[in-house]
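The values are calculated or read from the model by the stated rules, or taken from the named source; none is laboratory data. Since this is a predicted model, take the numbers as computed values, not measurements. Cβ placement follows ideal geometry from the backbone for every residue including glycine, while neighbour counts extend to all protein chains displayed. Areas reflect the complete protein model, heavy atoms only, side chains present, ligands, DNA and RNA absent. Shrake-Rupley method; radii C 1.70, N 1.55, O 1.52, S 1.80 Å.
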Amino acid sequence: MRLTDIALNNLKRRKSKMLFLVLGLLIGVATVVSLVSITRAMHTDIQDKIDQFGANIVVTPQADDLALSYGGVTVSSAAYDVKELHTDDAAKIQQIPLRANIANVAPKLVGAVDVGGNKVLLVGVDFPSELRLKKWWEIVGQDPAVPDEVLLGYNAASRLSAMPGNTVTINGRSFQVAGTLKELGSSEDDAIFADLGAAQQVLGKPDAVSLIEVSALCKACPIEDIVQEISMQLPDARVSALAQAVKSRQQTVDQLTSFSLAVSIVVLLIGGLVVLTTMMSAVNERTREIGIFRAIGFRRTHIARVILFEALLVSLLGGVLGWFLGMLASTVLGPRVAQLSVGVEWNPLLALGAVALAVAIGLAGSIYPAIRAANLDPAEALRFI
Amino acid sequence: MPLIEMQQIVKTYNSNGAAVQALKGIDFRVAEGEIMAIMGPSGSGKSTLLSILGAMNPPTSGQVLVDEIPIYDLSLEKRADFRHEYLGFVFQQLQLIPYLTALENTLLPLAITRLSHRQQEEMALTALERVGLGDKARRLPNQLSGGEQERVAIARAIVNQPPIVLADEPTGSLDTQTGAEVMRLFQSLNREGLTVVIVTHNPENIPYVQRVVHLRDGGIVQDRGRQK
């Protein structure tokens with residue numbers, strides 16, 4: 001017989017009490033596991049969604065003047081007539097050391113053109129990267145496939161009475177309307193989108209680019225580092241991070257993390273208290289038994305080892321079951337409750353963490369009862385006094 | 001050379017703010033191989049005396065020497081080791097662990113030794129056979145009669161072969177015949193060299209011991225019988 005046999009025998013005997021203890025730990029661990037895995041999945045989900053919202057870095061030509069626009073209202077027409085960047089600047093951005101974090105680079109040339117007597121804003125874009133960036137665009141018709149095809153903004157299409165398949169003449173050159181955009185509620189409604197090369201020809205600005213929108217993936221969010229690297233690559237350009245988007249993203253993630261941390265702490269505290277009270281009551285019930293152990297020569301450390309070994313076994317069980325239940329709950333409930341579009345990851349490290357957490361709580365909650373048990377006066381426990 | 005020597009043992013308890021003297025300067029010696037009874041009415045201090053003798057209850061003053069070891073000069077852990085090495089206890093109301101079989105109850109004192117499972121089991125079975133329960137080793141306490149439970153408690157007390165066995169009211173819950181059988185068992189163990197100290201209030205146990213110490217109001221009023 002070993003001390004562990006005594007612990008095992010006691011667990012077998014006090015099944016309902018130990019089941020209650022396992023349940024307390026299980027619920028605590030399962031809650032934390034599901035919170036952690038759902039929060040993680042939400043991080044990824046938000047990331048994906050935010051990345052879909054488009055650019056978070058804008059590269060514009062260096063200008064000495066301050067911007068003359070606010071809230072979409074431009075008070076100087078000179079805003080579009082600044083010194084241009086060059087087509088190969090877009091490629092240069094793809095060469096920065098942190099290029100792995102760059103999801104998309106969308107160069108643009110903007111300028112005013114004449115279409116059938118109307119002054120219209122022409123935006124030359126690289127359609128594949130532009131359409132990747134503007135996932136919210138809804139096109140009636142088709143995506144432009146060749147340089148002679150254009151997309152019309154909602155208002156532009158309506159002003160020019162153009163439909164997909166029609167032809168429009170821009171500064172004397174004919175383009176076929178591949179599609180029109182549904183109303184966006186932005187300045188893009190008024191614009192015509194053409195292939196960048198074609199726009200450069202029409203506007204008479206070969207190789208010129210007015211701005212480059214960059215979409216940087218922000219998992220670890222070194223957005224300032226990316227800005228700095230682009231600035232070094234393009235010393236004549238002004239590189240600005242859309243700080244607000246980054247901050248609000250960070251804030252959302254922080255709020256989620258704080259929330260799950262707070263809930264986890266509360267749940268774990270409750271779990272710890274369940275362990276403490278259950279173990280205390282188990283120790284109180286076993287006063288005479290512990291008195292016998294002490295009387296026949298068990299040291300205090302022997303008693304503490306029996307109690308802590310029981311706690312360890314129960315915690316291991318609670319941890320494993322809690323992890324499994326937590327993962328199951330987050331896999332099943334995650335998509336429904338948190339509207340997750342990404343799956344919950346079954347991470348073995350989380351399993352290890354869950355078991356370690358259960359053991360930590362189980363042992364922490366049992367230390368005081370174990371000390372109490374170890375310090376029981378055998379004479380008092382056996383009613384000699 | 002006495003195996004046990006109690007020197008001027010005084011034990012005072014604090015009861016509701018008032019000091020109550022349970023033992024008032026007890027002096028006696030127990031020789032090796034002696035079997036003796038400590039008798040007295042309720043409240044005479046006999047159980048307190050046994051717990052002090054059992055290294056579980058430090059006296060207010062005085063010293064207890066066992067094998068010349070001043071046991072209350074030992075640290076708590078060393079005193080636990082001392083109990084393990086020198087003493088076997090048979091408690092009042094049996095005090096078997098209900099969820100352990102007779103064999104497992106007997107094995108308990110060996111759980112803290114480095115003996116192998118096989119050695120432990122051999123020792124426990126020998127002890128159970130010694131008390132006549134070799135065939136009931138796998139039974140739980142509630143599957144045994146009162147006398148059998150008492151004998152399991154005795155097997156547990158002798159399993160690691162301590163020189164002294166202390167018994168508190170071992171026949172208290174037994175009928176006369178079973179009580180006599182248990183006392184005969186103590187007598188027989190004593191003949192094999194075990195020193196036995198029994199606390200009892202039952203005069204029927206007197207024929208089985210060599211010496212009777214009578215306590216009253218915390219003091220020895222009579223010490224009858226021969227000492228080796």
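Details
- On the beta carbon distance between B:Arg29 and A:Ile367, with R0 = 60 Å, the FRET formula returns roughly 0.85.
- Against the compact-protein benchmark of 2.2 N^0.38 Å, the Cα-based radius of gyration of the range B:44-156 scales to 1.19.
- Summary: within chain A, the longest segment free of GluC sites (Glu not before Pro) located in DSSP loops with at most 15 other C-beta atoms within 10 Å is A:184-344.
- Counting only heavy atoms of the protein chains and using a 1.4 Å probe, B:Met56 has close to 10 Å² of accessible surface.
- Simple label model, 7 Å out from Cα along Cβ direction - A:Leu273 to A:Glu345, nm: 3.4 nm
- In a DSSP loop and with at most 14 other Cβ atoms within 10 Å, the GluC sites (Glu not before Pro) in the range B:119-228 are B:Glu192.
- Averaged over the residues of peptide A:375-382, the number of Cβ atoms from other protein chains lying within 10 Å of each residue's Cβ is 5.
- Residues in the range A:89-133 reached by a label modelled at A:Asp225 [backbone nitrogen below 14 Å; 7 Å Cα→Cβ]: A:96-102
- Chains A and B together bury some 2900 Å² of accessible area, summed over both sides, with a 1.4 Å probe.
- Given a 1.4 Å probe and the protein chains as shown, A:Val202 ends up with an accessible area of around 20 Å².
- Whichever aspartates and glutamates have a C-alpha closer than 13 Å to that of B:Lys24, once near sequence neighbours (fewer than 8 apart) are set aside: B:Asp217
- 29 Å Cα-Cα threshold exceeded, pairs from A:Lys134/A:Lys205; B:Lys46/B:Lys78; B:Lys46/B:Lys136: B:Lys46/B:Lys136
- By a 1.4 Å probe calculation restricted to protein chains, B:Ile206 has an accessible surface near 50 Å², given to the nearest 10.
- Column: log10 I(q)/I(0), Debye, Cα scatterers of chain B, q = 0.10, 0.17 Å⁻¹: -0.45, -1.25
- Remark: spin-label model distance A:Glu183-A:Leu316 equals 6.7 nm, labels positioned 7 Å along the Cα→Cβ axis.
- In a DSSP loop and with at most 11 other Cβ atoms within 10 Å, the chymotrypsin sites (Phe, Trp or Tyr not before Pro) in the range A:122-165 are A:Trp136.
- Å² of accessible area per residue within chain A, as computed with a 1.4 Å probe and no ligands counted: 49 Å²
- Here is how the number arises for the protein assembly as shown: DSSP H runs of 4 or more residues each give -39500 (n - 2.57), the sum is divided by the residue count, and the result at 222 nm is -15000 deg cm²/dmol.
- At R0 = 60 Å, FRET efficiency that the Cβ-Cβ distance of A:Phe259 and B:Asp223 yields, to 0.05: 0.20
- Computing FRET efficiency as 1/(1 + (r/R0)^6) for B:Ala19 and B:Leu76, where r is the C-beta to C-beta distance and R0 is 22 Å, gives about 0.35.
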